[in-house]
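J.: So that we are looking at the same thing, I have put the structure below in structure tokens.
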Amino acid sequence: QTSKMDRKMLGKNFKRCKYFFSCSEMSTAAKEKITERRSSGPGIGVCSWNILADGLSSGEFMNSGGESVIFWKNRGPKIASNILALLSSRKNEISIVATQENDHPTWILSEIQKHMPQVKMVRCSKGKNSEKFYINRLSDELTNNGHYDKSPTMSLDDHDQKISEFLKASTPDVLEELMSKKGLTCTTYAQEKCPPPDGKQQDDFYHSKDHLAVYYNSDVVRLNTTIDETGLFQNEEGVFRLNFTYPVKTEEYNFDIITAHLKSGENEKGEVKRVKELRAILDEADVCENPIVLMDSNTCGQYRNTILQHRQRATDDGNILSEE
């Protein structure tokens, strides 16, 4: 159930957003059609998982095992192992796993392919904060311990170069201490199985934006979307949509995977951004025959209550908030 305030806040596309999140108000005929297609058509398993970017994980979460549980050195292998388990399970029949906040997409793929070489991956860069926070955190650690001098005028590229020089000059035990005790993932592009960007070498310091990364079993589904040789989806500013074919006996079924990570933020500004992102997803899904949306929607009751309170205060103060 929705109020007039809800509708005004979310704008003209509110009705579509509402039906996207809940099918409780679907017509009986629509429900019967969906039930019929589910029972008569072939099934395919999919999964969506926000794995928490390495660069965004420091000091953010409480856990029962201590801070080291969050360190990528300990957490990364478990993530790769779990995705492998999902894709290899005959019981669940999962053929596609969409991940959000993934800043080690190629390393995870290389770990999975040790056991399932038929698994492939497509990625699309999403956010810059993970990369920025990680470089700053590592540079603070190194400069505080006198490994190089820090200047207020230094850019991220300057720190990147200094960190690369440090990695090349360091012994394995020094790097192991940083990874095990400080939670700093001091790896190179070679170790991450990632092609270095222009101007970088395989033995340079690896850092990455967080990605939307989709892992799929190519023995089960066939990717039709054109990507480059590194698995990078080119339309980074638009909706991340991949078209697949699922061959079953003599039939072939086409479907689209749309994956996203909507804007976070417990305020109206964050909600406005989420609605715009969701509107683009719904518009894209409108032209798909069989759309499957796998995303972290950053939606919860706490967000809703805070947004409505904020809007009420603005109304009481005589401020007219835009329809957007």
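The values are calculated or read from the model by the stated rules, or taken from the named source; none is laboratory data. Note that the coordinates shown come from a computational prediction; the quantities given were computed from them, not determined experimentally. Note that each Cβ is placed from the backbone with ideal geometry, even for glycine, and that neighbours are counted across all protein chains shown. Remember, those area values only see protein heavy atoms, side chains included, never the ligands or the DNA or RNA. Shrake-Rupley method; radii C 1.70, N 1.55, O 1.52, S 1.80 Å.
J.: In segment 174-230, carbon and sulfur make up what percent of the accessible area (probe 1.4 Å)? Walk me through the intermediate numbers first.
T.: On the way: 1350 of 2810 Å².
Summing carbon and sulfur atoms, their accessible area is 48 percent of the total for segment 174-230.
J.: Could I ask something else about it? Could you work out how much longer the chain between H115 and D219 gets when fully extended? Use 0.36 nm per residue separation minus the Cα distance between them, nm to one decimal.
T.: Working: separation 104, 0.36 × 104 = 37.44 nm, distance 1.38 nm.
Gain in length upon complete extension: 36.1 nm.
J.: Stokes-Einstein D for segment 94-162 at 37 °C, 0.692 mPa s, Kirkwood Rh over Cα pairs, in µm²/s?
T.: Details: Rh = 14.8 Å.
Taking Rh from Cα pairs, D becomes 222 µm²/s.
J.: What distance in nm lies between label points placed 7 Å from Cα along the C-beta direction at A190 and K276?
T.: Between A190 and K276, the label points sit 4.4 nm apart.
J.: While we're looking at this one, here's another question. What's the extension gain from E67 to R313 if we count 0.36 nm per residue and subtract their Cα-Cα distance?
T.: Details: separation 246, 0.36 × 246 = 88.56 nm, distance 3.90 nm.
Extending this stretch completely gives an extra 84.7 nm.
J.: Something else: Tell me, what is the FRET efficiency for N267 and R137 to the nearest 0.05, using R0 = 30 angstrom and their Cβ-Cβ distance as r?
T.: So the FRET efficiency works out to roughly 0.70.
J.: May I pose another question? Could you calculate the contour length gain from K249 to T226, that is, 0.36 nm times the residue separation minus the distance between their Cα atoms, to one decimal place in nm? Could you put the intermediate results ahead of the total?
T.: Details: separation 23, 0.36 × 23 = 8.28 nm, distance 2.51 nm.
Extra length from K249 to T226 when fully extended: 5.8 nm.
J.: A further question on this structure: How much accessible area per residue does segment 180-231 have, counting only protein heavy atoms and a probe of 1.4 Å, in square angstrom?
T.: Dividing the accessible area of segment 180-231 by its residue count gives 48 Å².
J.: Still on this model: With each label point set 7 Å from Cα along the Cα-Cβ vector, what nm distance links S58 and R304?
T.: Result for the modelled spin labels: 3.7 nm.
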